[in-house]
Structures are given as C-alpha cells and as structure tokens.
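Let me begin by presenting the structure, written as structure tokens, before commenting on it.
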Amino acid sequence: MHAFANPTRFLKIARPLTPWLFWGGLVLLIVGAVCGLTLTPADYLQGESVRIMYIHVPAAWLGMGGWSGIAIAALVQMVWRHPLAGIAGRAIAAPGALFTAICLVTGSIWGRPTWGTWWEWDGRMTSMLVLLFLYFGYIALARASAADGQGVGDSGGVSRVTAIFALVGAVNLPIINRSVVWWNSLHQGPSITMRGSTIDGSILWPLGLTLLGFSLWFGGIVLMRMRAILAENKVEARLARMAREGGAG
Amino acid sequence: MAMKSKHQRLVLAIVAIVAVIGAGLLAASALKDEAAYFYAPNEVKVKGVEPGKAIRLGGMVVTGSLRKEADGVTIAFDVTDGKATVPARFTGIAPDLFREGSGVVAEGAFDKGGTFIATNLLAKHDERYMPRELEGMDYNAATHEMKAEK
C-alpha cells in the first residue's frame, strides 16, 4: 500500500499512463458516440431519442463510480493515513460532479419526449440529484480544508470531517441503484442485470464503447488533477521555504 | 504499536460504515410506501384511496380498452397491474408514447364512481429497447429472447 506513499513513485507511473488513458478514452468514446448516432437502429417506441443512452448511461456510471472512488479514498485516508488518498478524493470530486450533472441533464432531455415531462420527483431522479448535492458539499468541504493549510502531510488536503462526509454519503449509492426496484418509479427498471440485457444487441453494442471510453477518459482526468495538486503542493512548500529562508537571511 | 492503532482504526471504520449503511437501509425500507412514485391498481384496491384525494396511478394500459369520447379530446382507458384493473379518463393531449399495452402514470383523483379522473398523463417506458423490426415479437422475460409470434 505504502509503495505509492512517495509521490515520485506515483508520478513515475501516473505520468506515462495519463496520455494513454486520456487520448485512448477520448478516441473510444468518440467512436462509440459516432457509431451510436449512425449505425444503430432507432427504438420501436422511443425512436431516435434512444441514442442519448450512449452518453446518459456512462455519465450515470461515472457519477456513481466517482463517489465510490471518493469513499474508498476516504476509508484509505482514515485507516491507513495514506497521503495520496486525500489528493485522489479531491481530484475525483469535480469530474464526478460534472458527470452526475450530465446524467441529470441528458435524462431530462430524454424524459421530455419519452415520459412527457422534464422532471418528476421519483426515487431514481431524486436520489441522483442528492448525489449531485453531495458532490457540491464534498467539494466545498475539501476546498475549505485544503485552504486551511492541510494540503501538505498525511491528509492530502482533506480534513477528517470531509472524509467522514464522503463515507456517510456513500449510503446514497445503493439507494440510487435500488431505487427503481424498491419503489414504484417513473424511471424504468434495470435493463442490464446478471441475467442478461433487455436491450437488443443491435442497439446495445456502442454502449460498451462509450462506457469504456468515458471510464478511461475519467481515469486520465483524475490522474491529471492528482498531478496538478501534487505540483501545487510542491510549489507552495517551496514558496514557504523560500519565505522562511528569506526572512532569516 | 503503529500496527495496532491502524488495526483499531480499520475496525472502527468498518463498524461505523456497517452502522451507517444499516441506518440507511432501515430508513429506505421505512420509506418504502411513502417514497413510491405511484399507486398500482391493486394497491388502490387493497388500501382503499378515498375519492378526491390527489394521487398518481401507474400501470399498463389494457389492450383494447382505449377509446375516444364524443367530444374528441377525452379518452377513456383501463389501467392494470395484472392483479386489479381500474377505469381512467383523461381530457387533454396524451404524450406520444402513451399507447395500449404500454406503461402509464396518471396524476389525478378517483371520482365517487371509482373512475380515475386524470389531470396529467405520463408515459412510462419499460426496460426493453429494440429496433422496430422486432416489434410484436414474443419476449421471454426469463431468457431475454425474442421469438416471432405464431
């Protein structure tokens, strides 16, 4: 675990990995989106609007996956005091919030022609909106604790309260996932389950491309942001040292 | 010593997470009925919804039940969940995806005669996605396979 505690070790791997994830993911998601727009048939009921799924589903997946990452980082921070954990949590927060917002917006655009409404307070939509607010809370808390000068050291800039908030917020993840099963909801039930898929193969296949593409891209963005935070900490530490030495001399 | 405190923190964190998830699940199951987005026809029958109370009614539009009334803008149809069926009426423009054999969520209230008077209709999409060529084929829910009818 602590093999990566040293940022130079982490950077040695992260630096060459970043462009592969970022550009590879971007190519995959663009290919998937183009295929989804041109090669697949329209749905028998939804018509052309079914194609929004190629963006909506990866966005939902990464919105929830992002919070899972933040919660795992918080656990690692609390238990093992790993210095990169807090940095990882901070790096994930903004892209995670962005994808959650994309999920809500694309769902709303799809809902208007399909259901006949932009927004309804059903279990799935409400719990996903709560996730977006959780992201906002986490970003605000993490930013406040990083500004408090906790950026250097074991916490990686994330206070303990922020990490606890991340862990408690993870309760929302199973609720989002099960919301269409536990409660009568306007949102349809899960299409892809352990038993297979109720989406016909001719419509489904580009979703695999965009899911993988967006996930790799997300990973690339997170690594970029982690490197940026590490570089920022280094600059701050150096400035502080220069100020001390300048004051002494 | 360092190992021991790390171990303690791990146990503490796991206990806390289990407690929080347990609380969340309890709250969610307590919410079960309250957080439901709509009533199914059988729930209406079992629980008894008094006339005039604003609710949402959700289910499938019974095939063959949809008819247009003389005024041209009012439609009448039956809503079923497989266990119970209730009649419903709606005046206005229904969403494009509203059709027989498909899901519907209607906002409104029951009148004294037990007919649901809808003030707004939403089409509920199900989890099946398929191209138009496959429409009308038999769908096997257990194997997710499509078979041509007859």
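All other residues with a Cβ under 12 Å from the Cβ of B:Leu25 taken together, and with Lys, Arg as +1 and Asp, Glu as -1, what is their net charge? Value of the local net charge: +2.
Per residue, the Cα convex hull of chain A amounts to 144 Å³. Could you list, in their original order, any pairs among A:Lys234/B:Lys4; B:Lys45/B:Lys68; A:Lys12/B:Lys4; B:Lys4/B:Lys32 whose Cα atoms are separated by more than 30 Å? From A:Lys234/B:Lys4; B:Lys45/B:Lys68; A:Lys12/B:Lys4; B:Lys4/B:Lys32, over 30 Å: A:Lys234/B:Lys4; A:Lys12/B:Lys4; B:Lys4/B:Lys32. When A:Val57, A:Val181, A:Val34 are sorted by how many other C-beta atoms sit within 10 angstrom of their C-beta, beginning with the fewest, the order is A:Val181, A:Val34, A:Val57.
The Cβ shell under 12 Å around B:Gly108 holds other residues with a net charge of +1, Lys and Arg each +1, Asp and Glu each -1. Listing B:Ile93, B:Ile55 from fewest to most neighbouring C-beta atoms within 10 Å gives B:Ile93, B:Ile55. Using only Cα atoms, find the angle between the long axis of helix B:2-31 and the longest principal axis of chain B, and express it within 0 to 90 degrees, rounded to the nearest 10. Value to nearest ten degrees: 20.
Taking Cα centre as origin and charging only the Cβ of basic (Lys, Arg, +1) and acidic (Asp, Glu, -1) residues, the dipole magnitude of segment B:37-124 rounds to 160 debye. Kirkwood hydrodynamic radius computed over segment A:186-249 comes to 16.4 Å, based on all pairs of distinct alpha carbons. Under the combined filter of DSSP loop state and at most 14 neighbouring Cβ atoms within 10 Å, segment B:1-52 retains these trypsin sites (Lys or Arg not before Pro): B:Lys32. Charge tally around A:Arg90: other residues with Cβ under 10 Å, Lys/Arg +1 each, Asp/Glu -1 each, net +2. The mean count of C-beta atoms from other chains within 10 Å of the C-beta of residues in A:113-120, rounded to a whole number, is 6. Amide H contacts under 5 Å for A:Gly47: none, restricted to partners 5 or more places along the chain or on a different chain, H placed in the peptide plane at 1.01 Å from N. Close amide H partners of A:Ile199, meaning residues 5 or more places away or on another chain with modelled amide H under 5 Å apart, are B:Tyr129.
Read-outs throughout are calculated quantities, based only on the coordinates presented, and are distinct from any laboratory measurement. If you're wondering where the values come from, they're calculated on a predicted model, not measured in any experiment. Cβ sites come from the backbone with ideal geometry, for glycine too, and all protein chains shown count toward neighbours.
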